[in-house]
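So the structure is just underneath, and the comments pick up after that.
Just so it is clear, none of the values below were taken in a lab; they were calculated from the coordinates. What you see is a predicted model, and the numbers here were worked out from it, not measured in a lab. Counting neighbours? That spans all protein chains shown, and the Cβs are built from the backbone with ideal geometry, glycine included.
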Amino acid sequence: MNTTDAANKLGVSTKTVQRWVKQLQLPASRNELGHYFFTDEDIAVLKEVKEQLKKGTPMQNVTVARPKKSFFIKKNETVQAKAPEHLNALIEEKLEQFLQHEQLERELLQKKIAELERKLEQKADEVVSYQLLQQRRELEEERQQIKNLERKISELENSKDKKEPAVKREEKPKSKFKSIFSF
């Protein structure tokens, strides 16, 4: 059963089940996608953990009875002590399956890393493009301001040139009559 089924059976959340497996280093199997897969024995162990925690035992003090089954042998596979060749073949088969599973996980991880790198590069390109467009807008605004200032300077210079001749000093006309009092 998967993590959700196990959590429902135990009456806890899926995150709680995952946390117990990781913190207590419980031997839970994983499927080809890397998700936990629990057997009935695993559920019994998790129920024991839940009971201990319910009684107030801190997580670091929880003890778990580890099953004495081999890592490579499933519950329904029985091995007789009289047939060591069969045991070796079974172990080799399980080891080969495990190695294939590990290879698939590595390939999946490499694909995920490549995808994340691609997304990161794409995001970096988008950020750089945005910054370039922003700088281009700012440069255009500055160019427009410079043009406006040049136009105003030109207008001021033109208006100054037009006003200068009109400001000439006018001389008073000389009177033909001299004053009586002039000597």
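With all pairs of separate Cα atoms included, segment 88-171 yields a Kirkwood hydrodynamic radius of 20.2 Å. Residue by residue, segment 93-101 carries 3J(HN,Hα) couplings of 4, 5, 5, 4, 4, 4, 5, 5, 4 Hz when phi is fed to the Karplus relation 6.51 cos²θ - 1.76 cosθ + 1.60 (θ = phi - 60°); x denotes Gly or Pro. Each Cα pair under 8 Å and six or more residues apart adds its separation to the average, and for segment 1-68 the resulting relative contact order is 27 percent.
Counted by Cβ distance under 11 Å from Leu133, the other residues give a net charge of -1, where Lys and Arg count +1 and Asp and Glu count -1. Projected onto the charge dipole of segment 1-47 (+1 at Lys/Arg Cβ, -1 at Asp/Glu Cβ, origin at the Cα centre), which of Leu24, Asn2, Leu46 gives the Cα projection farthest towards the positive end? The residue sitting most towards the positive pole is Leu24. Shown in residue order for segment 53-65 are the 3J(HN,Hα) couplings computed by the Karplus curve 6.51 cos²θ - 1.76 cosθ + 1.60 at θ = phi - 60°: 5, 5, 7, x, 5, x, 4, 5, 9, 5, 10, 10, 6 Hz (x for Gly and Pro). For Val62, nonlocal amide neighbours, meaning residues 5 or more places apart or on other chains whose placed amide H falls under 5 Å from its own, do not occur.
Taken about its Cα centre, segment 1-68 carries a charge dipole of about 280 debye when Lys and Arg each add +1 at the Cβ and Asp and Glu each add -1 at the Cβ. When +1 charges are put on Lys and Arg Cβ atoms and -1 charges on Asp and Glu Cβ atoms, the dipole computed for segment 117-161 relative to its Cα centre reaches about 100 debye. First check a/c for segment 1-43, with a ≥ b ≥ c the square roots of the eigenvalues of its C-alpha gyration tensor; if it is under 1.5, answer rounded, and if not, answer prolate when a/b is larger than b/c or oblate otherwise. Taking the square roots of the gyration eigenvalues as a ≥ b ≥ c, segment 1-43 is rounded.
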